[in-house]
Amino acid sequence: MSIVTIERKVLEKNDALAATNRHVFARNGLLVLNLVSSPGAGKTTLIEATIAHLKDRVRIAVVEGDVQTDLDAQRVARYGVPVVQIVTNGGCHLDAGLVAEAVDQLDLDVVDLLVIENVGNLVCPANFDLGEAMKVVVLSTTEGVDKPLKYPAMFRRASVLIINKVDLLPYVDVDVQVIKQHARQINPALVVFETAATSRLGIPEWCDWLVSALSRGHA
């Protein structure tokens, strides 16, 4: 019982900070994405492809979350966008307080889209609201078809599923339709995209959807 009580207090504190973040984001008219996945699913490459496709239309900033190193932030910074690195030193997820500290280093007046790349983990990040408009879960074809069933909380709380690395389908025993079926069994409202971020396959469709979301005011 004490463990449950402590967990509830931690989440309540986080939710209060997330509400403050959400107010800040709304005041600045931002669309904020919380990008989540297992390690190696291709989140950073997806961010790079998204920036490259939208750089002339949308002002983008990125918050990078990693257990160690700033390697991903270095990759993203090459595209000329503002980026802040959060190193959790072993923590398995970002929380609203860490995001608030990172966002304080950004000039939100010159940002339309803020992408938060969470720590690679399909468990802990599901429980922590960062103040984002939506969670976007990235699942690579190399992970198999059962991840939505094994990690239902993440898929239930996500708004978008990006099935990445579809260029590897000829080499893996995976049926994308089964992935979609399992994901929508958990969350029928999921918007789904199929991408190969390294070759930019599916990136225009994903980016067009983002631009549409911005125009609809999903901040």
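No value in this document is a laboratory result; all are computed from the given coordinates. Since the structure is predicted, the reported quantities are computational estimates derived from the model, not experimental observations. No Cβ is skipped: glycine too gets one built from the backbone with ideal geometry, and neighbour counts run over all protein chains shown.
Things to note:
- Per-residue ellipticity at 222 nm, computed for the chain from helices alone with -39500 (n - 2.57) per DSSP H run of at least four residues, works out to -12000 deg cm²/dmol.
- A cut-off under 14 angstrom between Cβ atoms defines the neighbours of residue 109, and their net charge, with Lys, Arg +1 and Asp, Glu -1, is -1.
- Helices assigned as whole DSSP H runs in the chain whose Cα atoms extend at least 15 Å along their own long axis and whose mean Kyte-Doolittle hydropathy is -1.0 or higher are found at 2-27, 43-54, 176-186, 203-216.
- Anchor residue 180: aspartates and glutamates whose Cα lies under 20 Å away (excluding residues fewer than 8 positions away in-chain): 143, 146, 167, 194, 205
- Rounded to 5, percent antiparallel among DSSP beta bridges of the chain: 5 percent
- Rounded, prolate or oblate (a/c below 1.5 giving rounded, otherwise prolate when a/b exceeds b/c) for the stretch 1-153 by Cα gyration tensor: oblate
- Gain upon complete extension [residue 55, residue 191; 0.36 nm per residue less C-alpha separation]: 46.6 nm
- Shown is the FRET efficiency for residue 142 and residue 201, computed with R0 = 25 Å from the Cβ-Cβ distance and rounded to the nearest 0.05: 0.95.
- Taking the chain, the Cys residues with no second Cys beta-carbon under 4.7 angstrom are 207.
- The H on the amide N of residue 164, modeled in the peptide plane, is under 5 Å from the matching H of 139, 140, 141, 195, each at least 5 residues off or on a different chain.
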